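We did not get these values from a lab; they are worked out from the coordinates using the rules stated. These figures come from a predicted structure and were not determined experimentally. Cβ placement follows ideal geometry from the backbone for every residue including glycine, while neighbour counts extend to all protein chains displayed.
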Amino acid sequence: MAEEPQNTEHENGAHQDAASDAASQEAVIIDIESAVFAELPWEEQVGTLREILQESRTQTAQNLDLAQRAQAEMANQRRRSDEERISQGKYSNGRLIAKLLPVVEELALAMGLVEDNNGVETSGDDAQDAESSPESSWIQGVRLIQRKFMTLLESEGVTTIDAVGTVFNPLEHEALGTDESTEYPPGHVIKAVRQGYRLHDRIIQPAQVIVAREPQDVGKGDTSSEVKETDNG
């Protein structure tokens, strides 16, 4: 029975503390333009104003940080959208151009064969007749189409890939085989079987090439000749 008054006193103290906390919170949220605020002592008024000012500064800083983050995110999103739009514009015709490349190669092959056939020497009336023949006019027309094709591809950002004489690059070249060569060092391209093309900075068709390897019989002929000279000596 003696413990009940102590518990009652403890509960009363807890209620008093809660009431004081509630009163302090109410004092903080008192409207500074209300009559209640005006009736407070000036020390409490100053303290309340300081608390309100500190809360306003904190809220302002948070709002400024959020606004700056949102502005930076919008700028990044705009930059990414611009880069994506530019990239799509640069490579939008890539698939169509890749399908046109075989046509360009066939035209180049045809013109190469014509030039080889025209390499046969002609003289006098035969040369004049060849230049004025309908076949010559047809060849000139095809050559003109080929030049216009290449001009169109170049205007779209298509460039050829250097092959012969360069170091083999698996990103740009597709090796079809190797061959012995004394003209180029091992690992260099000695022949381009198919021309490679690049659209801006993207490979749309690798060049098919033959790569040089070191000759196997280098020096054997010289050794035999040296042996013969020694025997004769």
Cβ charges +1 (Lys, Arg) and -1 (Asp, Glu), total dipole of the range 142-216, debye: 400
Distance cut-off 14 Å, percentage of C-alpha pairs in the range 142-216 lying past it: 61
Sorted peptide list for 108-115, 201-208, criterion being average Cβ within 10 angstrom, highest first: 201-208, 108-115
